[in-house]
Amino acid sequence: MLAGVSGNSLHSNLLRADVATNKSLERISSGKKINHASENPVGSAMLSAFDSQSRALAQLMSNQQSQASVLQTASSSLTTTSNILQGINSLALQASNGTLTDSDRAMIQQQINQLSSQINMSANQAQYNGQNLLDGSFSTTLQNGEKFAIDSMTADALGLNKLSVATQGDAMSASDLAKSALNKVVSTQSSLGAAISGINSNIANLGTQYMNAVSAQSQIGDVDMAGEIMNLTLSQIQSQATLKVYSMNENTRSNVLNLLKE
């Protein structure tokens, strides 16, 4: 009777050690402390919540980065427009020279017209994901809820369709028009820069929240490798010890039976 109870006890110990060994191996293999919700329902629910939060934050950062890229693309295109306008202004000032002939000014007008065409080309080709940015159709809502739009930056919208250097007086007016257009472009770039700066600041804040969520998730869900390896070693030792005791009991029982037969 006592031998039977002892055997059952050893068998139970062996099963517990085997379960502990398998659990440790699973944790070490996966790197996760909680592999099944039944192991820690509360911890599993918290992991799910932090995982959902970190995924949402990652998507928000991606959205913000895309929005910043859109505005940066527009700003870069406006840099080209700005350079062209400076060239137009230089030509207009050149045409204002009283020593030039009408023929000279006509040649300068052709150069200005070509530069104006380049401004139109830049405005029409400035796109992001198929969306025009500088033709007056672009608008977006920033993260703070503010609506941001970019005025048309074509040659006509900048007033360059009225630009003429046919006479010395026209050339002086043309220079004023070019400067006015340049101021508009610079002002738009300044607004774009402020918006991009705000977006980048928001991305940084989202990044901090993301790292906090991932850190909390790691603390709850990541396994302590050193501790789990120790648990594995202890369960294996317990299993080996139980088998040893079981073997000793069997030898003892066999010896008793042999003595009774004599």
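Go through (1) in contact with a helix residue (DSSP H, G or I) (Cβ under 8 Å, 6 or more places away or on another chain); (2) modelled with pLDDT of 95 or more for SER187 and report which single condition fails.
If we test SER187 against (1) in contact with a helix residue (DSSP H, G or I) (Cβ under 8 Å, 6 or more places away or on another chain); (2) modelled with pLDDT of 95 or more, just (1) comes out false.
Looking at segment 73-108, which of its residues are closer than 24 Å to GLN127 by Cβ and either in contact with a strand residue (DSSP E or B) (Cβ under 9 Å, 6 or more places away or on another chain) or among the hydroxyl-bearing types (Ser, Thr, Tyr) (or both)?
If the condition is that a residue be closer than 24 Å to GLN127 by Cβ and either in contact with a strand residue (DSSP E or B) (Cβ under 9 Å, 6 or more places away or on another chain) or among the hydroxyl-bearing types (Ser, Thr, Tyr) (or both), then THR73, ALA74, SER75, SER76, SER77, THR79, THR80, THR81, SER82 are the ones that fit.
How about segment 82-93: which of its residues are farther than 17 Å from GLN118 by Cα and either free of Cβ contacts under 8 Å to residues at least 24 places away in the same chain or assigned to a loop (DSSP other than H, G, I, E, B) (or both)?
Within segment 82-93, no residue meets the criteria.
If I filter segment 153-170 for residues that are in a helix (DSSP H, G or I) and among the polar types (S, T, N, Q), do I get at least one hit?
yes
Here is a yes/no grid of residues against (1) touching a residue at least 40 places away in the same chain (Cβ under 8 Å); (2) surrounded by 16 or more Cβ atoms within 10 Å (Cβ to Cβ); (3) farther than 30 Å from LEU60 by Cβ; (4) among the aromatic types (Phe, Trp, Tyr):
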| position | (1), (2), (3), (4) |
| --- | --- |
| VAL70 | yes, yes, no, no |
| SER75 | yes, yes, no, no |
| THR80 | yes, yes, yes, no |
| SER96 | yes, yes, yes, no |
| LEU115 | no, yes, yes, no |
| LEU163 | yes, yes, yes, no |
| SER180 | no, no, yes, no |
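For segment 132-148, what are the residues that are under 22 Å from the mean Cα position of the chain (by Cα) and either part of a loop (DSSP other than H, G, I, E, B) or at pLDDT 95 or above (or both)?
Result: LEU142, GLN143, ASN144, GLY145, GLU146.
The values are calculated or read from the model by the stated rules, or taken from the named source; none is laboratory data. For clarity, every value in this text was computed on a predicted model and none was experimentally measured. All Cβ positions, glycine included, derive from the backbone under ideal geometry; neighbour counts span all protein chains shown.
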